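*Asks:* Structure provided below as C-alpha cells; questions to follow.
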Amino acid sequence: MPCHASYKQPYDRDRQRICPRCAEPLIHVGSAFAAPPRRDRAAWRTLSVLLHAGVRFHKSCCGGPGYRPRTLREVRERMAHARRTGEPFARALVRPEMP
C-alpha cells in the first residue's frame, strides 16, 4: 500500500529520488501539486487514477495546472466519456466541462 507521502524538492531529471518513508521511487508530479491529507483515501484514489493516466500538475503560463478532478465521481464521469467517445483518458480527465 502506498505511503501517501509528498515532498517539495527541486526537480532533477537525472536523479531518481526515493521515498524516505517506504523506499519506493517518488513520482515528479509538478510544482503546482497540493497533496491531499494523508488519511483522505478517496482523494488519494482519485490522485492515483490521474497519475496512472499520465496527468501531472505543472504550472501553465496563466497560473496553476488547470482543472483536475477532485472526486471519484468526477473521475468516473470523465472515464465513461472517454470510453464512449474514444477521447484519450488523460485528456478526458483534465476536461473542465463535460459535453
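The values are calculated or read from the model by the stated rules, or taken from the named source; none is laboratory data. Predicted model only: the values in this text are computed from it and were never measured. We place every Cβ from the backbone using ideal geometry, glycine too, and count neighbours over all the protein chains shown. Please note that ligands, DNA and RNA were not included when accessible areas were found on the heavy atoms of the full protein model with its side chains. Shrake-Rupley method; radii C 1.70, N 1.55, O 1.52, S 1.80 Å.
*Asks:* Give me the pairs: first residue in the stretch 8-25 and of a type in the set (A, V, I, L, M), second residue part of a loop (DSSP other than H, G, I, E, B) and open to solvent by 80 Å² or more (accessible area, probe 1.4 Å), beta-carbon distance under 9 Å, and six or more apart or on different chains, which are they?
*Replies:* Ile18/Glu24
*Asks:* If you don't mind, there's one more thing I want to ask. Does Met98 qualify as being among the hydrophobic types (A, V, I, L, M, F, W, C) and touching a His at 6+ places or on another chain (Cβ under 8 Å)?
*Replies:* Working: among the hydrophobic types (A, V, I, L, M, F, W, C): yes; touching a His at 6+ places or on another chain (Cβ under 8 Å): yes.
It is true that Met98 is among the hydrophobic types (A, V, I, L, M, F, W, C) and touching a His at 6+ places or on another chain (Cβ under 8 Å).
*Asks:* Looking at Arg95, Arg91, Arg68, which one is out of contact with any Asp or Glu (no Cβ under 7 Å at 6 or more places or on another chain), basic (Lys, Arg) and without any contact (Cβ under 8 Å) to a residue 24 or more places away in the chain?
*Replies:* On the way: Arg95 fails: without any contact (Cβ under 8 Å) to a residue 24 or more places away in the chain; Arg68 fails: without any contact (Cβ under 8 Å) to a residue 24 or more places away in the chain.
Checking each option against the conditions leaves just Arg91.
*Asks:* Please go through the stretch 46-60 and pick out each residue that is open to solvent by 40 Å² or more (accessible area, probe 1.4 Å), of a type outside the set (S, T, N, Q) and within 10 Å of the chain's Cα centre (by Cα).
*Replies:* If we filter the stretch 46-60 for residues that are open to solvent by 40 Å² or more (accessible area, probe 1.4 Å), which is where we start, we get 48-49, 52, 54, 56, 58-60.
Next, from what is left, pick out any that are of a type outside the set (S, T, N, Q): 49, 52, 54, 56, 58-59.
Hits for the stretch 46-60 are Val49, His52, Gly54, Arg56.
*Asks:* So which of Ala5, Ala32 ends up being open to solvent by less than 40 Å² (accessible area, probe 1.4 Å), closer than 24 Å to Arg91 by Cα, over 10 Å from the mean Cα position of the chain (by Cα) and without any contact (Cβ under 8 Å) to a residue 60 or more places away in the chain? Let's see the steps before the verdict.
*Replies:* On the way: Ala5 fails: closer than 24 Å to Arg91 by Cα.
The unique qualifying residue is Ala32.
*Asks:* Continuing with this model, one more query. Of the residues that sit in the stretch 11-26 and are part of a loop (DSSP other than H, G, I, E, B) and open to solvent by less than 100 Å² (accessible area, probe 1.4 Å), which one is nearest to Leu47 (Cα to Cα)?
*Replies:* Start the filter on the stretch 11-26 by keeping residues that are part of a loop (DSSP other than H, G, I, E, B), which leaves 11-17, 19-24, 26.
Next cut, open to solvent by less than 100 Å² (accessible area, probe 1.4 Å) only: 12, 17, 19, 22-23, 26.
On the way: Asp12: 22, Arg17: 20, Cys19: 17, Cys22: 18, Ala23: 20, Leu26: 14 Å.
Among those that are part of a loop (DSSP other than H, G, I, E, B) and open to solvent by less than 100 Å² (accessible area, probe 1.4 Å), it is Leu26.
*Asks:* Can you find a residue in the stretch 77-90 that is among the polar types (S, T, N, Q) and modelled with pLDDT of 90 or more? Lay out the reasoning, then the answer.
*Replies:* Quick first cut of the stretch 77-90, residues among the polar types (S, T, N, Q) only: 85.
From what's left, modelled with pLDDT of 90 or more: 85.
So far as the stretch 77-90 goes, yes, one or more of its residues are among the polar types (S, T, N, Q) and modelled with pLDDT of 90 or more.
*Asks:* Which residues, counting only those in the stretch 31-63, are β-branched (Val, Ile, Thr) and in a helix (DSSP H, G or I)? Before you say what the answer is, go through the steps one by one.
*Replies:* Step one: of the stretch 31-63, the residues β-branched (Val, Ile, Thr) are 46, 49, 55.
Correct list: Thr46, Val49.
*Asks:* Any chance you could count how many residues in the stretch 64-99 are farther than 21 Å from His28 by Cα, part of a loop (DSSP other than H, G, I, E, B) and open to solvent by 50 Å² or more (accessible area, probe 1.4 Å)?
*Replies:* Count: 8.
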